[in-house]
1. Can you say whether A:L79 is closer than 22 Å to B:G39 by Cα and either surrounded by 14 or more Cβ atoms within 10 Å (Cβ to Cβ) or not aromatic (F, W, Y) (or both), as far as the supplied structure shows?
2. Please verify whether the stretch B:19-39 includes one or more residues that are within 11 Å of chain A (Cβ to nearest Cβ), in a helix (DSSP H, G or I) and surrounded by 23 or more Cβ atoms within 10 Å (Cβ to Cβ).
3. If a residue has to be closer than 19 Å to B:A9 by Cβ and either free of Cβ contacts under 8 Å to residues at least 40 places away in the same chain or in contact with a strand residue (DSSP E or B) (Cβ under 8 Å, 6 or more places away or on another chain) (or both) to count, how many in the stretch B:38-72 make the cut?
4. From the list B:V53, B:V60, pick out the single residue that is surrounded by 15 or more Cβ atoms within 10 Å (Cβ to Cβ), within 14 Å of another protein chain (Cβ to nearest Cβ) and under 12 Å from the mean Cα position of the chain (by Cα).
5. Answer yes or no: is there a residue in the stretch A:68-83 that is closer than 30 Å to A:D101 by Cβ, hydroxyl-bearing (S, T, Y) and in a loop (DSSP other than H, G, I, E, B).
6. Would you check if A:G82 is away from chain B (no Cβ under 14 Å) and modelled with pLDDT under 80?
Amino acid sequence: MLPEWVSRLSSASGPAWIAGWSNADIVVAALVVFAVAFSLAAAWTADWLSDVAFLSLVAGALVVAWPAMIVLTMASLALAAGISFLHARLAPDRSARISADAERRAASAVEEFARGAGMSEDEWTRLRAKVEEGRQPG
Amino acid sequence: MMQALESVARLWSVANAAIGSAGLSVALVLVAGILAGAGGMVSGRMRLYGAIVGGMLVNVAVKAMGGGFEAAAAAMAATTTAGFLLGSTPFLVALAKRTRRR
């Protein structure tokens, strides 16, 4: 059985949009789905699991009151940071590969934007070299 | 179908009344468009996710200003759609230009 304070917190958080569920119940359920899907997405590098993690937060946030939405957002950010930290410790190679892939995607998106904004090939190469130079340690 | 659209339009007006300012509503739709456009630079799926995040900002604003769950959900759906279309405009223009060049 759950401790007394859990049921008190659940009833004090107010009713959600779904009949019979409180805001706290929905927040906990959404966070559990998010944590499981996000952890598996990190372990298997599966895009569809990231979708499940994101959509569980959206679905949860839709049916709770606004303070619970804020709690859900903050808690999910903390969970994501914690899982990412653990992932980097447990599987540094995979974590580095995911980071490099994300960086490559972001760089190509920025490059496309720069081209669309009228930046020439030379200007783009110079800018990239400057950014790389700034990243060098020391 | 028409009834569903009427009901969404009614809920949208309830949501706007809750927000209380047309300027803020337009600003939130623009934010959704910007988020969709920024996400669209990475991929089509990120464009949709950006629009959804913009829609959720409207959802929280409507709820915080006293609108009900239904009005907030209708406003979220409408803003997500508008934000996605707005965020897709530069993409569509670029696509049209590229097609014309070929």
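1. Judged against the criteria, A:L79 is not a match.
2. Yes, because at least one residue in the stretch B:19-39 is within 11 Å of chain A (Cβ to nearest Cβ), in a helix (DSSP H, G or I) and surrounded by 23 or more Cβ atoms within 10 Å (Cβ to Cβ).
3. Matching residues across the stretch B:38-72 total 3.
4. Result of the check over B:V53, B:V60: B:V53.
5. Looking through the stretch A:68-83, none of the residues is closer than 30 Å to A:D101 by Cβ, hydroxyl-bearing (S, T, Y) and in a loop (DSSP other than H, G, I, E, B).
6. Spelling it out, it is not the case that A:G82 is away from chain B (no Cβ under 14 Å) and modelled with pLDDT under 80.
The values are calculated or read from the model by the stated rules, or taken from the named source; none is laboratory data. Not measured: the values here are computed from a predicted model. Please note: Cβ atoms are built from the backbone with ideal geometry, for glycine as well, and neighbour counts cover all protein chains shown.
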